[in-house]
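Trainee: First the structure, which I've put down as structure tokens, then a few questions once you've had a look.
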Amino acid sequence: MDTQGKYMKRALELAKRGWGRTNPNPLVGAVIVKNGQIIAEGYHEALGSAHAEAAALSNAKQDVRGGTMYVNLEPCSHLGRTPPCAAAIIEAGIKEVVIAMTDPNPVVSGRGIQMLKDSGIGVKTGVLEEEAKRLNEIFIKYITEKKPFVIMKTAMTIDGKIASVSGDSRWISGESSRQYVHVMRSRVSAVMAGINTVLADNPLLTARPAVGGGRDPVRIVVDRKGILPEGCNVINADSQAGVILATTSAIQSKKEELLAQRGVRVIKVQDRDGYVHMGKLMEELYRLDIDSILLEGGGGLNASALDYGMVDKVMLFIAPKIIGGRNAVTPVEGTGIHFMKDAIGLKNINVSRFDQDILVEGYIANGTDDRLNKVTVPEG
């Protein structure tokens, strides 16, 4: 890796420190180099806090004038929750800015770069671009498509079951796998489960412990009849995160009132068959600044999510166990696909180990992973 790649890699590492606290903003890190030495570092710590570039400038050990800044996302050029970073860079006297990728927001993309160039600052783009896109895949979908990024997470036995014939599912995966799921929960905005999973397992759906200062996700339960028990753990968990019930007009008004009194936000969106309309639900969740969802919903909800085309990424934990059972539940239920030629494909597969478990990760073909390639970086 060349020198520019080395410094950009450090910026990406810094950006990851913001996981779970910047949503729905992107993950951004910045490094300032002068005379071959790093003199300042910064990252976007939390929503509403200083952006990475401003943090790096304020953390500088010496005068940054004449230095080079490395940042994994184009500096902003507009006034938002914080002042524009491009202006701060210009005022500080930075002579060059190396950028991994442009801001994918079509409203602002390229403007920060142009502002820097107009001020006589040298700009280079595209350094570790693919790594930068992958890091902010959630932000890219959220800002360009106005929908949350959805990760379908499931754990199954080696013979493809997520529960035994009696419904028992504790525990299919091992301790290290479950701990990693808590890490993932702390990074996303929300966790979603179906009512059958809630009734069968009574899960908390929290991130315990909230790793690295992350926070609990919003808990979303998809329940078309509105029968969510008021005494369930999702509602009664010791957590500051909210609870959303996605339901239909089938919910009884008294039940809706009781849930509202317990702090549950009720969203009613239904399709023509009386089920929860997942597409409309995604639109509503976007309006609530929910940029990402970890789907932990059971076979029925997984099938619905795939049918609606809302799944971007799949995380499948495979445990070295065999339980059998013709009627045992599988990761994706529903009516199923009739012909292999119509199977939903995954691409860019990654395989890793968590003790005895195997984690297979992949992206839905023609999904967000393909759309990342459409986020362009102007020459410079």
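The values are calculated or read from the model by the stated rules, or taken from the named source; none is laboratory data. From a predicted model like this one, the values you see are computed outputs, not experimental measurements. A quick note on method: Cβ atoms are made from the backbone with ideal geometry, for glycine too, and the neighbour counts reach across all protein chains shown. Surface areas here come from the heavy atoms of the whole protein model, side chains and all, with no ligands, DNA or RNA. Shrake-Rupley method; radii C 1.70, N 1.55, O 1.52, S 1.80 Å.
Trainee: Please name whichever of ILE94, ASN136, GLN114 sits farthest to the positive end of the charge dipole of the range 69-148, dipole taken about the Cα centre and charges placed at Cβ: Lys and Arg +1, Asp and Glu -1.
Mentor: Of the options given, the answer is ASN136.
Trainee: Separate question: Which shape class, rounded, prolate or oblate, goes with the range 233-313 when its Cα gyration tensor gives a ≥ b ≥ c as root eigenvalues, a/c under 1.5 marks rounded, and past that a/b bigger than b/c marks prolate?
Mentor: oblate
Trainee: Can you pull the percent of the chain's accessible area that's carbon plus sulfur, 1.4 Å probe, other chains left in place?
Mentor: On the chain, the fraction of accessible area on carbon and sulfur atoms equals 49 percent.
Trainee: Which of the aspartates and glutamates could be linked to LYS280 by a straight reach, that is with a Cα gap under 12 Å, when you skip same-chain ones fewer than 8 residues away?
Mentor: Within reach: ASP271.
Trainee: Still on this structure: Output the direction-averaged projected area (hull surface divided by four) of the convex hull of the alpha-carbon atoms of the range 137-199, in nm².
Mentor: For the Cα atoms of the range 137-199, the hull's average projected area reads 5.7 nm².
Trainee: So which aspartates and glutamates pass the test for LYS347, namely a Cα distance under 13 Å, with those fewer than 8 places away in the same chain ruled out?
Mentor: ASP312, GLU361, ASP369, ASP370
Trainee: Hey, could you grab the Kirkwood Rh for the range 86-170? Inverse mean 1/r over distinct alpha carbon pairs, Å, one decimal.
Mentor: Its Kirkwood hydrodynamic radius stands at 16.4 Å.
Trainee: I'd like to check one number: the per residue accessible area of the range 75-130, probe 1.4 Å, reported in Å² as a whole number.
Mentor: On a per-residue basis, the range 75-130 sits at 44 Å².
Trainee: Mind listing the phi-derived Karplus ³J(HN,Hα) values for the range 266-275, rounded to whole Hz, using 6.51, -1.76 and 1.60 with θ = phi - 60°, and x for any glycine or proline?
Mentor: Once θ is set to phi - 60°, the couplings for the range 266-275 become 9, 10, 9, 9, 9, 8, 5, 9, x, 9 Hz.
Trainee: What pairs in LYS34/LYS117; LYS124/LYS147; LYS146/LYS254; LYS141/LYS313; LYS146/LYS313 have C-alpha atoms more than 23 Å from each other?
Mentor: The pairs that break the limit, which is 23 Å between Cα atoms, are LYS124/LYS147; LYS146/LYS254.
Trainee: Tell me, what HN-Hα J-couplings in whole Hz come from the Karplus equation 6.51 cos²θ - 1.76 cosθ + 1.60 at θ = phi - 60° for each residue of the range 193-200, using x for Gly and Pro?
Mentor: Once θ is set to phi - 60°, the couplings for the range 193-200 become 9, x, 4, 5, 5, 5, 5, 7 Hz.
Trainee: What trypsin sites (Lys or Arg not before Pro) in the range 1-41 are in a loop by DSSP, with at most 16 other Cβ atoms within 10 Å of the Cβ?
Mentor: Taking the range 1-41 and a limit of 16 other Cβ atoms within 10 Å, no loop trypsin sites (Lys or Arg not before Pro) are found.
Trainee: For the range 118-156, run through the trypsin sites (Lys or Arg not before Pro) and keep only the ones in DSSP coil with at most 11 other Cβ atoms within 10 Å of their Cβ.
Mentor: Passing sites in the range 118-156 are LYS146.
Trainee: Does the range 110-157 come out rounded, prolate or oblate by the C-alpha gyration tensor, with a ≥ b ≥ c the root eigenvalues, rounded set by a/c under 1.5 and, if not, prolate when a/b is larger than b/c and oblate if not?
Mentor: Oblate.
Trainee: Oh, and also: Place the peptides 243-256, 93-106, 336-349 in order of packing, highest mean first, counting for every residue the other Cβ atoms within 10 Å and averaging per peptide.
Mentor: 93-106, 243-256, 336-349
Trainee: Sticking with this one: Using the Cα centre of the chain as origin and beta-carbon charges of +1 (Lys, Arg) and -1 (Asp, Glu), tell me which of TYR180, VAL31, LEU199 is placed farthest towards the positive end of the dipole.
Mentor: Comparing the listed Cα positions along the dipole, LEU199 ranks first.
Trainee: Taking amide H atoms as placed 1.01 Å from N in the peptide plane, list the residues 5 or more away in sequence, or in a different chain, whose amide H sits under 5 Å from that of SER292.
Mentor: Those lying under 5 Å, H to H, from SER292 are PHE149, SER189, ALA190.
Trainee: Based on the Cα atoms of the chain, what semi-axes does the equivalent ellipsoid have, where each is the square root of 5 times one gyration tensor eigenvalue, given in whole Å with the largest first?
Mentor: Semi-axes (√(5λ), whole Å): 41, 22, 19.
Trainee: When the Kirkwood radius is taken over all Cα pairs of the range 1-123, what Stokes-Einstein diffusion coefficient follows at 25 °C and 0.890 mPa s, in µm²/s?
Mentor: Diffusion coefficient, whole number: 176 µm²/s.
Trainee: Over the alpha-carbon set of the range 159-264, divide Rg by the Kirkwood Rh and report the Rg/Rh ratio to two decimals.
Mentor: The Rg/Rh ratio comes out at 0.99.
Trainee: Loop-only check: which GluC sites (Glu not before Pro) in the range 14-57 are DSSP coil with at most 11 other Cβ within 10 angstrom?
Mentor: Here no GluC sites (Glu not before Pro) fit, given the DSSP loop and packing criteria.
Trainee: If you average the C-alpha positions of the range 101-121 and of the range 131-165 separately, how far apart do those two centres end up, in angstrom?
Mentor: So the separation of the two Cα centres works out to 30 Å.
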